[in-house]
Structures are given as C-alpha cells and as structure tokens.
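Right, one structure below, let's go through it.
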Amino acid sequence: MSLEDLPGGSRLWLLALGEPPGPSRAARLVRGLEEILAHWRHKGRAYQAAGALLEPQLIAVAEPVLATQPSGCAIDGMLRKVRRLLESLELDLVDPAASLLVRKDGRLLPIPKGDLQARLDDGTLGPHTPVLDLSLYSLQDLRAGGLEHPLAETWVARRYRLTVDA
C-alpha cells in the first residue's frame with residue numbers, strides 16, 4: 001500500500017531526519033518502515049497504514065482509521081518501532097518542539113529555536129526561507145501543499161517582528 005492509495009482524511013505523521021541517510025540507509029529505512037506498517041496491530045486491530053520517504057530527510061506515515069478512532073497506545077507503539085528502526089540505522093530525528101525545520105541550499109536544516117534570533121541576524125533565515133510544518137494532521141493537508149510556508153507566514157515572523165521588504 002502507498003500513501004496515494006489512502007484517503008485524504010487519513011491521519012498523518014511527519015518525521016524529519018537530522019541528516020540525509022544516503023542511498024543504502026535510505027533503502028533499509030524504507031524496507032524497515034514498510035515492515036513495521038505491514039504488521040502494525042494493537043489489541044487485535046490491524047491498521048492499514050502506508051509510509052514513504054517523501055524526500056531524503058522526511059518520513060511520512062498515514063493511516064485512515066486513526067483519524068476518527070484514535071488510539072494513543074497504537075500510535076505510540078508504531079512510533080516507538082520507527083524510532084528503534086532509526087536508531088538501528090544511526091539516524092536521528094529532529095525534535096519539532098525544539099527546532100524549526102527549514103529548507104536551505106537544497107536540504108532540510110534543523111534550526112534550534114534558541115538560535116532563531118542569531119540565524120535571523122546573520123541572514124541564515126529570512127522572510128522567504130521555506131519552513132516545514134511537521135504538525136499537519138491529514139494527508140489532505142499534505143496534498144493541498146500545507147507542508148511548506150515562507151518564514152514570514154509563520155509564528156517566527158510574529159515573535160521576532162519579521163517584515164517582508166517590498
């Protein structure tokens with residue numbers, strides 16, 4: 001099953017990697033993710049999930065039932081297995097609570113939130129820097145283009161009073 005096979009209302013989880021995994025580890029990551037999702041069960045219920053490496057540093061997992069019948073234990077179990085897989089591949093996840101994920105020079109770059117002012121001051125970040133929103137709820141949100149927004153349209157612009165030059 002692929003993400004394209006799932007309905008737009010499917011619950012979505014986006015996970016970002018700190019570094020691109022390289023071709024060999026990416027292939028092992030995709031195989032491991034497929035294995036985890038193919039056998040995702042909780043309390044006798046089999047979930048019909050799909051996952052993909054959307055780009056070298058971005059993993060997507062989606063499942064239709066959990067959008068309307070959430071199970072925190074089922075979700076935690078799946079995410080725990082994905083984290084174990086990543087650890088076995090020596091890949092680190094970006095913590096979206098601690099970092100902002102931006103697209104810079106063709107790759108995804110986690111910026112610690114404590115460094116935002118310095119990165120704005122040194123020009124690493126600007127109003128047009130693409131920021132990824134890992135909190136999207138559904139596949140429809142992803143399909144509608146909700147993943148990336150210019151920094152000027154995010155909470156960072158409001159917090160740091162960032163303006164767009166005319």
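The values are calculated or read from the model by the stated rules, or taken from the named source; none is laboratory data. Quick caveat, the model's predicted, so the values are computed rather than measured. Note that each Cβ is placed from the backbone with ideal geometry, even for glycine, and that neighbours are counted across all protein chains shown.
Only residues that are out of contact with any strand residue (DSSP E or B) (no Cβ under 8 Å at 6 or more places or on another chain) and surrounded by 12 or more Cβ atoms within 10 Å (Cβ to Cβ) were counted in the stretch 1-20, giving 1.
Please pick out the residue among I36, I59 that is over 24 Å from V131 (Cβ atoms), out of contact with any Pro (no Cβ under 7 Å at 6 or more places or on another chain) and at pLDDT 95 or above. Going through I36, I59 in turn, just one is over 24 Å from V131 (Cβ atoms), out of contact with any Pro (no Cβ under 7 Å at 6 or more places or on another chain) and at pLDDT 95 or above: I36.
On inspection, Q69 passes the criterion of being assigned by TED's automatic domain parsing to the domain that holds G9 and surrounded by fewer than 18 Cβ atoms within 10 Å (Cβ to Cβ). The residues in the stretch 1-49 that are among the β-branched types (V, I, T) and free of Cβ contacts under 8 Å to residues at least 24 places away in the same chain can be counted, and the count is 1. Are any of the residues in the stretch 23-39 closer than 30 Å to P127 by Cβ and out of contact with any helix residue (DSSP H, G or I) (no Cβ under 7 Å at 6 or more places or on another chain)? No, the stretch 23-39 has no match at all. The sole residue among A60, A50 that is in contact with a Ser or Thr (Cβ under 8 Å, 6 or more places away or on another chain) and outside the structural domain of E153 (by TED's automatic domain parsing) is A50. Taking the criterion of being at pLDDT 95 or above and either farther than 16 Å from L58 by Cα or hydrophobic (A, V, I, L, M, F, W, C) (or both), the residues of the stretch 110-123 that qualify are I111, P112, K113, G114, D115, L116, Q117, A118, R119, L120, D121, D122.
Do you know which residues across the stretch 19-36 are under 30 Å from I111 (Cβ atoms) and outside any loop (DSSP other than H, G, I, E, B)? Passing the criteria: G22, P23, S24, R25, A26, A27, R28, L29, V30, G32, L33, I36.
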